[in-house]
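**Q** If you scroll down you'll find the structure; I have some questions about it.
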Amino acid sequence: MRFAVLGPLRISAPAGAVQLNALQERLLGMLLLAEERPVPVDVIAGELWGGTLTPAADERITSLVDGLRRALPGDGTAAFTRSGTSHRLAVRPGETDIGAVRRDVQDALVHVRFGEDEPAAALLGAALARWRGRPLSGLTGPYIDAEAARLLEFKAEIAEARFGAMLRLGRHDTLIREAREAVRDRPLDQDAVRRLMAALAAAGRDSDAKQAYEELEARLAARAERPAPELRDLLGRIASGEPPPPAPGPHPPGPHQLHPAVPDFTGRTAALRRLDRSRVRRASGVVVSGPAGIGKTALGLAWAHRRHADFPDGQLFADLRGTTRPADPLTVLHGFMRDLGFPAAAIPDDPAQAAADFRAYAAGRRLLVFLDDARDADQVLPLLPGTGGAFTIVTARNPMEQVEARSDIDALELDGMDTAEAEALLLRRIGTAPSPAATASLAPLIARCGGLPLALSIAADLLGDPAPTGRHRAAGRTGLQTVLDESFQRLGAPQRRLYLTLAPLPGPGVPAHLALALARRAGDDPQRLLADLVDSRWLLHADDRYEAHALVADYAAGLAARELPAADRDLVRDRVIAHYHRRDAPTADYEFLTAAYEAWWEHPNASRLAGVLCAYAQRGHRPTELARLGERAAAAAADLGPVERARHCNLVVVAAYAAGDPAAAADFGRRTLALLERTPGGDRIGTARANLGGALARLGRHREALPVLEAAVAAARAGGAWDGVVTASLSLAEAHKGLGDFAAAEAVLLAARAVDRDRSRGLRATLISTHLDDLRPHPAREEAAP
């Protein structure tokens with residue numbers, strides 16, 4: 001049995017046609033487009049009936065899946081499973097047209113990498129020939145339309161890769177004919193014109209390429225538009241005689257998260273061969289263990305980049321922070337699942353279910369999973385992919401016998417580099433040619449670094465002198481500690497002051513905007529100060545953040561503890577909190593902020609960070625993790641005042657509500673309100689009551705919620721918090737509706753609409769109208785939905 005989705009839905013079975021009704025066709029199409037990712041039941045309900053999920057809708061979806069299972073031949077081609085609140089369809093490899101396309105593209109990419117354009121072009125052409133139109137043409141809906149658009153983007157990448165291969169093969173006439181046909185059918189298609197221009201220019205017909213551009217320019221001018229910058233750039237290249245830029249190839253379907261390999265990776269030949277042997281014998285992975293600075297991550301990345309072609313379905317990378325602030329396995333799983341394309345609603349909060357869904361999806365796929373700096377087996381085991389073509393690299397300080405015992409994973413204990421490898425690394429990093437004099441001058445430093453590649457690299461970077469002078473010999477005699485001390489003292493006073501400010505900060509790197517704000521207090525030219533620290537290798541600058549080498553960071557932490565008074569460290573902490581207070585923190589700052597919150601939550605002023613983290617939860621960013629973080633903070637802050645404890649509890653309320661746990665939101669909502677009532681200001685504008693009442697209403701405890709929400713609306717009105725009036729009124733209307741008092745619910749919503757219009761600039765007008773419409777459901781909708 002075969003399924004085709006690249007056009008109208010088709011099912012080919014040996015016994016003949018398969019009869020499905022319209023709803024079954026739509027559901028089957030959704031599950032096939034998901035390519036084995038789970039599809040949540042609320043997404044299915046919205047697609048099939050345009051409404052929200054109800055118990056009746058859930059039952060009907062289950063019935064539809066059972067009907068599909070009975071209608072399709074039971075030959076093992078298709079397997080339907082329910083995972084939590086989602087449905088999933090796994091299809092045997094090679095039985096879908098999109099699967100065949102992905103296989104052709106993967107094989108073509110291998111040929112392209114080895115310069116074999118003839119078979120690559122043939123495979124890419126075969127992949128394009130499988131398309132019969134828009135995916136699932138004839139069916140529409142939010143989910144189907146989004147997935148169809150994703151696949152059409154993939155098709156465009158395939159076409160571009162074939163164009164590049166054909167261009168390199170000199171098939172200019174074929175490409176010119178195809179491009180002219182495309183332009184004739186779609187005169188405003190700028191990609192088609194770009195390909196036509198590139199093919200004409202490659203054939204030596206520059207004047208015809210210019211004419212193609214001018215014809216497009218005239219057509220667009222009639223619509224008051226201009227050609228895209230890419231076409232204007234291409235025209236300029238053609239006019240100047242430059243070759244056009246190479247056509248990009250299609251991206252393999254999976255994510256590609258590997259960090260860059262160490263640019264001058266040296267040695268480790270035996271260890272690389274050990275990794276190769278594990279892969280050849282089809283082990284499921286390798287645990288690379290050894291002390292800090294031994295080069296575990298550098299080895300794993302070097303091997304992974306050399307063998308990346310083995311993993312066309314993607315390479316996943318996670319820093320587990322096992323030696324600092326260990327990452328939660330569930331949080332890592334959520335990140336993997338998001339990057340693999342799981343819909344947000346299909347990512348379960350139950351750790352066991354999330355691990356099972358990840359294994360089910362990864363089984364049989366050629367994935368590389370890189371788990372860096374693992375703490376222990378409990379952190380690693382939930383993150384291992386299913387059996388099949390996947391391979392896992394784990395780096396850790398200590399061996400992991402439990403991981404090896406419960407999976408087919410090999411162990412590799414990494415030792416220090418031998419003298420020859422260490423010498424080659426150090427000479428390469430300082431730019432010195434091998435010679436007896438160089439070897440003699442560097443031998444003491446090599447010995448003192450103990451074969452640690454990181455120590456050797458940092459020593460070379462900090463020395464910075466390409467010649468093996470007496471300073472090298474002195475550094476070798478006194479060791480790496482002296483190298484660091486001397487290098488730090490060579491910095492100017494403002495640079496040292498700034499470094500001592502940044503060094504104690506928690507988190508995986510300091511966001512650039514925060515580093516700049518702190519640098520303004522250290523000197524007159526903050527950008528220059530940060531650049532000096534980067535140039536002198538004390539800081540690394542990447543991904544819009546500043547951080548230090550691990551070995552330098554350990555040294556710097558001790559240095560700050562010795563040279564920065566406790567009062568100054570407290571001042572830095574308070575400046576960081578002030579920087580973020582009343583500021584919308586970008587998503588990229590999440591890891592830093594949660595690390596800072598966890599490190600400082602016993603300090604009264606740090607409770608203000610709970611409000612910053614609430615904004616992440618309200619945006620739906622990792623609310624389950626934030627709820628757990630708030631619970632730990634509330635417990636750790638037991639000795640603080642009621643206002644500070646209330647802020648921590650309120651984080652749990654907001655995050656738990658966003659995570660779909662109204663019971664926890666109600667529990668901590670009561671704690672928040674009780675704490676605030678012990679303060680002179682109390683719950684002045686009713687925010688705590690609104691949060692508590694909203695959670696109670698969501699739990700169905702409408703009678704209990706009613707007085708709480710009425711008090712919240714009254715407090716918000718008295719305090720002039722008009723947005724709070726509208727928010728609390730929406731929950732109050734839900735409570736009235738839950739008690740069957742639709743007239744009261746309508747009166748509350750109409751009053752809220754007046755406040756929104758007159759006091760809040762109409763920001764919630766659409767939301768209020770939706771709630772009003774829900775009080776008067778359309779009859780036709782009642783008939784259409786189960």
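The values are calculated or read from the model by the stated rules, or taken from the named source; none is laboratory data. No experiment lies behind these values; they were computed from the predicted model shown. FYI the Cβ positions are ideal-geometry reconstructions off the backbone, even for glycines, and counts take in every protein chain you see.
**Q** Looking at the range 136-146 only, could you name the residues that are without any contact (Cβ under 8 Å) to a residue 12 or more places away in the chain and either within 29 Å of ALA165 (Cα to Cα) or not in a helix (DSSP H, G or I) (or both)?
**A** THR140
**Q** Kindly evaluate HIS648 against the criterion of being of a type outside the set (A, V, I, L, M) and within 20 Å of the chain's Cα centre (by Cα).
**A** No: the conditions fail for HIS648.
**Q** Here's another thing I want to ask about it. Taking the condition in a loop (DSSP other than H, G, I, E, B), in contact (Cβ under 8 Å) with a residue 12 or more places away in the chain and touching a strand residue (DSSP E or B) at 6+ places or on another chain (Cβ under 7 Å), does ALA304 pass?
**A** Here the answer is no, as ALA304 does not meet what is asked.
**Q** Residues being among the basic types (Lys, Arg) and farther than 27 Å from ALA201 by Cβ: count how many of those fall in the range 133-166.
**A** Going through the range 133-166 one residue at a time, the tally reaches 2.
**Q** Between PRO504, PRO511, which is touching a helix residue (DSSP H, G or I) at 6+ places or on another chain (Cβ under 6 Å) and either assigned by TED's automatic domain parsing to the domain that holds PRO453 or surrounded by fewer than 18 Cβ atoms within 10 Å (Cβ to Cβ) (or both)?
**A** None of the others qualify; the one that does is PRO504.
**Q** Among the residues of the range 518-549, which ones are surrounded by fewer than 16 Cβ atoms within 10 Å (Cβ to Cβ) and in a helix (DSSP H, G or I)?
**A** Across the range 518-549, the qualifying residues are GLN527, ARG528, ALA531, VAL534, ASP535.
**Q** What residue, of LEU188, LEU234, LEU175, is surrounded by 15 or more Cβ atoms within 10 Å (Cβ to Cβ), under 19 Å from GLU160 (Cα atoms) and within 37 Å of the chain's Cα centre (by Cα)?
**A** Only one candidate qualifies: LEU234.
**Q** Further, regarding this structure: Only one residue in LEU128, LEU136 is in contact with a helix residue (DSSP H, G or I) (Cβ under 7 Å, 6 or more places away or on another chain) and on the phi > 0 side of the Ramachandran plot, so which one is that?
**A** From the options LEU128, LEU136, the qualifying one is LEU136.
**Q** Please determine whether any residue of the range 147-155 is surrounded by fewer than 18 Cβ atoms within 10 Å (Cβ to Cβ), touching a residue at least 40 places away in the same chain (Cβ under 8 Å) and not aromatic (Phe, Trp, Tyr).
**A** Scanning the range 147-155, I find no residue that is surrounded by fewer than 18 Cβ atoms within 10 Å (Cβ to Cβ), touching a residue at least 40 places away in the same chain (Cβ under 8 Å) and not aromatic (Phe, Trp, Tyr), so the answer is no.
**Q** Just to check your reading of the model, which residue among ARG701, ARG717, ARG671 is of a type in the set (Lys, Arg), assigned by TED's automatic domain parsing to the domain that holds ARG647 and at pLDDT 90 or above?
**A** ARG671
**Q** From the list ARG575, ARG562, ARG569, pick out the single residue that is assigned to a helix (DSSP H, G or I) and over 14 Å from TYR499 (Cα atoms). Give the steps one after another, and end with the answer.
**A** On the way: ARG562 fails: over 14 Å from TYR499 (Cα atoms); ARG569 fails: over 14 Å from TYR499 (Cα atoms).
So the residue among ARG575, ARG562, ARG569 that is assigned to a helix (DSSP H, G or I) and over 14 Å from TYR499 (Cα atoms) is ARG575.
**Q** Any idea which of (1) modelled with pLDDT under 75; (2) in a loop (DSSP other than H, G, I, E, B) is the one GLU782 doesn't satisfy?
**A** (2)
**Q** Give me a count of the residues in the range 508-539 that are of a type in the set (Gly, Ala, Ser) and free of Cβ contacts under 8 Å to residues at least 24 places away in the same chain.
**A** 2
**Q** Take ALA635 and tell me if it is at negative phi, surrounded by fewer than 22 Cβ atoms within 10 Å (Cβ to Cβ), part of a helix (DSSP H, G or I) and touching a residue at least 60 places away in the same chain (Cβ under 8 Å).
**A** Considered against the rule, which asks whether it is at negative phi, surrounded by fewer than 22 Cβ atoms within 10 Å (Cβ to Cβ), part of a helix (DSSP H, G or I) and touching a residue at least 60 places away in the same chain (Cβ under 8 Å), ALA635 comes out as no.
**Q** All but one of (1) out of contact with any Leu (no Cβ under 9 Å at 6 or more places or on another chain); (2) modelled with pLDDT under 85; (3) among the β-branched types (Val, Ile, Thr) hold for VAL552, so report the exception by its number.
**A** (1)
**Q** Then there's this: Tell me yes or no: at least one residue of the range 104-114 is of a type outside the set (Asp, Glu), over 25 Å from the mean Cα position of the chain (by Cα) and at pLDDT 90 or above.
**A** Checking the range 104-114: not a single residue is of a type outside the set (Asp, Glu), over 25 Å from the mean Cα position of the chain (by Cα) and at pLDDT 90 or above.
**Q** Can you confirm whether the range 484-491 contains a residue that is surrounded by 15 or more Cβ atoms within 10 Å (Cβ to Cβ) and closer than 26 Å to TYR580 by Cβ?
**A** Within the range 484-491, not a single residue is surrounded by 15 or more Cβ atoms within 10 Å (Cβ to Cβ) and closer than 26 Å to TYR580 by Cβ.
**Q** Also: Is it the case that the range 572-580 has a residue that's surrounded by 13 or more Cβ atoms within 10 Å (Cβ to Cβ), touching a strand residue (DSSP E or B) at 6+ places or on another chain (Cβ under 6 Å) and among the β-branched types (Val, Ile, Thr)?
**A** Step one: filter the range 572-580 for residues surrounded by 13 or more Cβ atoms within 10 Å (Cβ to Cβ), giving 572-580.
After this cut, where a residue has to be touching a strand residue (DSSP E or B) at 6+ places or on another chain (Cβ under 6 Å) as well, the list is none.
No, because not a single residue in the range 572-580 is surrounded by 13 or more Cβ atoms within 10 Å (Cβ to Cβ), touching a strand residue (DSSP E or B) at 6+ places or on another chain (Cβ under 6 Å) and among the β-branched types (Val, Ile, Thr).
**Q** Let me ask something else. Of a type in the set (Lys, Arg), surrounded by 14 or more Cβ atoms within 10 Å (Cβ to Cβ) and free of Cβ contacts under 8 Å to residues at least 24 places away in the same chain: is that true of ARG103 in this structure?
**A** Taking the combined requirement at face value, the residue satisfies it.
**Q** I'd like the full set of residues that are assigned to a strand (DSSP E or B), aliphatic (A, V, I, L, M) and over 33 Å from the mean Cα position of the chain (by Cα), limited to the range 1-28.
**A** The answer is ILE11, and nothing else.
**Q** For LEU739, all conditions in the list (1) crowded, with 17+ Cβ neighbours inside 10 Å; (2) closer than 21 Å to LEU750 by Cα hold save one; what is the number of the exception?
**A** So the condition that LEU739 fails would be (1).
**Q** Looking at the range 38-54, is at least one residue under 26 Å from LYS155 (Cβ atoms), more than 27 Å from the chain's Cα centre (by Cα) and among the aromatic types (Phe, Trp, Tyr)?
**A** No, the conditions are met nowhere in the range 38-54.
**Q** Starting from the range 382-406, keep only residues that are assigned by TED's automatic domain parsing to the domain that holds LEU367, then list their pairs with residues that are aromatic (Phe, Trp, Tyr) and assigned to a strand (DSSP E or B) whose Cβ atoms are within a distance under 6 Å, requiring at least 6 positions of separation or different chains.
**A** ILE393/PHE370
**Q** Right, something else. Of the residues GLY74, GLY133, GLY125, GLY94, which single one is under 25 Å from GLU157 (Cβ atoms), more than 31 Å from the chain's Cα centre (by Cα) and in a loop (DSSP other than H, G, I, E, B)?
**A** After ruling out the rest, the residue left standing is GLY133.
**Q** Next question. From the set of residues in the range 77-91 that are in a loop (DSSP other than H, G, I, E, B) and out of contact with any Phe, Trp or Tyr (no Cβ under 9 Å at 6 or more places or on another chain), which is nearest to LEU9 (Cα to Cα)? Steps first, answer last, please.
**A** Going through the range 77-91, the residues in a loop (DSSP other than H, G, I, E, B) turn out to be 77, 84-85.
In the following step, the residues that additionally are out of contact with any Phe, Trp or Tyr (no Cβ under 9 Å at 6 or more places or on another chain) were identified as 84-85.
On the way: GLY84: 27, THR85: 26 Å.
Only one residue fits best here, namely THR85.
**Q** Pull up the range 188-205, narrow it to residues that are in a loop (DSSP other than H, G, I, E, B) and of a type in the set (D, E, K, R), then point me to the one that is farthest from ARG223 (Cα to Cα). First the steps, then the outcome.
**A** To start, the set of residues in the range 188-205 that are in a loop (DSSP other than H, G, I, E, B) comprises 188-189, 203-205.
Checking the rest, the ones that are also of a type in the set (D, E, K, R) come to 189, 205.
Working: ASP189: 14, ARG205: 28 Å.
Checked the range 188-205; the qualifying residue farthest from ARG223 (Cα to Cα) is ARG205.
**Q** On to the next question. Test of understanding: among LEU316, LEU275, which residue is over 25 Å from the mean Cα position of the chain (by Cα), at pLDDT 90 or above and buried (at least 21 other Cβ atoms within 10 Å of the Cβ)?
**A** On the way: LEU316 fails: over 25 Å from the mean Cα position of the chain (by Cα).
Within the list LEU316, LEU275, the selection yields LEU275.
**Q** Pairs under 9 Å by beta carbon, first residue assigned to a helix (DSSP H, G or I) in the range 579-599, partner surrounded by fewer than 18 Cβ atoms within 10 Å (Cβ to Cβ) and of a type in the set (Val, Ile, Thr), six or more apart or different chains?
**A** So the pair list comes out as ALA595/THR324.
**Q** So is VAL112 among the aliphatic types (A, V, I, L, M) and not assigned by TED's automatic domain parsing to the domain that holds LEU28 or not?
**A** No; evaluated as a whole, the condition is false for this residue.
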